[in-house]
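As structure tokens, the structure follows; a few thoughts come after it.
The values are calculated or read from the model by the stated rules, or taken from the named source; none is laboratory data. For clarity, every value in this text was computed on a predicted model and none was experimentally measured. When we count neighbours, we look across all protein chains shown, and the Cβ atoms used for this are built from the backbone with ideal geometry, even at glycine. What goes into the accessible areas is simple: the full protein's heavy atoms, side chains included, and nothing from ligands, DNA or RNA. Shrake-Rupley method; radii C 1.70, N 1.55, O 1.52, S 1.80 Å.
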Amino acid sequence: MGVVVLQFVLMLVVYLLAPNAAYLFIFPLLSSLGGIVVVFLMDWDKSPKVHVTYTLVLLVASVPAIFLMMPIVEVVFTAFALQLPYGMVLLLLLLAGLLLPLLVVLERSFSLKGFPLLPVVLLLAGSIQVARAVQGEAPSAERPLHSAVSYYLNANTGKAYWASSYTTTDDWNRQFFPEPAIGKLSGFYPYSGKLYLQNAAEALNIPAPVAEILQDSVASGERLLRLRLQARREEAIHLEVLLQPEHAEDVLAVSLAGEALELDPLPAVEDAKVYLMRLHGLPPSKSVELSLRLKAGAPLLIQLSDQSMNLPEQLVKQPKPAHVIAEQGRDSNLTVVQKSYTF
């Protein structure tokens, strides 16, 4: 009954926050309560022996919970795998709570002279299954290892870095981190608080993105600055643009590729106002126009970073084996080249 009270409270919370998901609690709870009411009315809970009808009633009352919750557990695992294990574990525990009366019956039925035979057998079987699962998780071509690493080159300082969003290395990307350190990538992203596994890398002579002035004029106390931003690498497909005015109120309006933008400053920066834009998918010309309205005489620092979805081949000493693939997402398997300009 303690489990029922807990699930009733959870049902109310879910109903108030996400009504469409409340069915996961309502129908299993109604069915389980129905079975418990029958057990109490028939006084089967007071019987020293396990009644067959008692067991069948509990089993029937558990059917909605099993058929409603188990598919959701599977869906959560399929969608998030072990990156979000808590969701499926919590759902499984909620289901186990509703099955508790039936589980107690099973445990008592398979006891041997007071010895909890069934729990011991299940514990042994579970241990064997965990060992098989660990062995089956070994990377293979069918179930490859996801490895995260990217190359960052600062064309202004001439320094380069290997960086990974994972704090540990694997058998393949360990070649890039002979002396790894964990910290902010301040030499490349000075305004980011994200932590990376990083290591110094060889600085290659890779063409950096350029910012070309198309118009720089002043009228009615406002400065109009039009720039052509261009990635000089053919394989570059994304572009990051970071704007840092001298004063927050210096930027009056911004448009990128003809689209007017409403920018919010990066929250992690306290002493300055810094604005970040990302353009996903460069056109074939690898260029885009940036238009800014500034206060007259206001200087502006622009930091350009073009991205390609590959690593520099000349620095990859050990090619990816068949059981390793690049981690999904936009922060892995990248070559990022950055250059800053002041206008």
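Out of segment 226-257, which residues are charged (D, E, K, R) and either under 15 Å from Leu290 (Cβ atoms) or open to solvent by less than 30 Å² (accessible area, probe 1.4 Å) (or both)?
Selection gives Arg226, Arg228, Arg233, Glu240, Asp250.
Among the residues of segment 171-184, is any open to solvent by 10 Å² or more (accessible area, probe 1.4 Å) and touching a residue at least 60 places away in the same chain (Cβ under 8 Å)?
The answer is yes, given that some residue of segment 171-184 is open to solvent by 10 Å² or more (accessible area, probe 1.4 Å) and touching a residue at least 60 places away in the same chain (Cβ under 8 Å).
Search segment 317-341 for residues being of a type in the set (Val, Ile, Thr) and at pLDDT 95 or above, and hand back the single one that is farthest from Leu294 (Cα to Cα).
Step by step, filter segment 317-341, then rank; the result is Thr335.
Just the residues that are out of contact with any Gly (no Cβ under 9 Å at 6 or more places or on another chain), open to solvent by less than 60 Å² (accessible area, probe 1.4 Å) and either in a strand (DSSP E or B) or among the hydroxyl-bearing types (Ser, Thr, Tyr) (or both), please, taken from segment 198-213.
Asn199, Ala201, Val210, Ala211
Which of the residues belonging to segment 262-282 are more than 10 Å from Leu243 (Cβ to Cβ) and open to solvent by 50 Å² or more (accessible area, probe 1.4 Å)?
The answer is Glu262, Asp264, Pro267, Ala268, Glu270, Asp271, Arg278, His280.
Using the structure shown, decide if Leu118 is surrounded by 13 or more Cβ atoms within 10 Å (Cβ to Cβ) and either closer than 27 Å to Gln7 by Cα or of a type outside the set (S, T, N, Q) (or both).
Yes: the conditions hold for Leu118.
Given the conditions (1) open to solvent by 90 Å² or more (accessible area, probe 1.4 Å); (2) closer than 21 Å to Ala21 by Cβ, which single one is not true for Leu92?
Condition not satisfied by Leu92: (1).
Checking Leu153 against (1) modelled with pLDDT of 95 or more; (2) open to solvent by less than 90 Å² (accessible area, probe 1.4 Å); (3) farther than 13 Å from Ala201 by Cα, only one condition comes out false. Which one?
(3)
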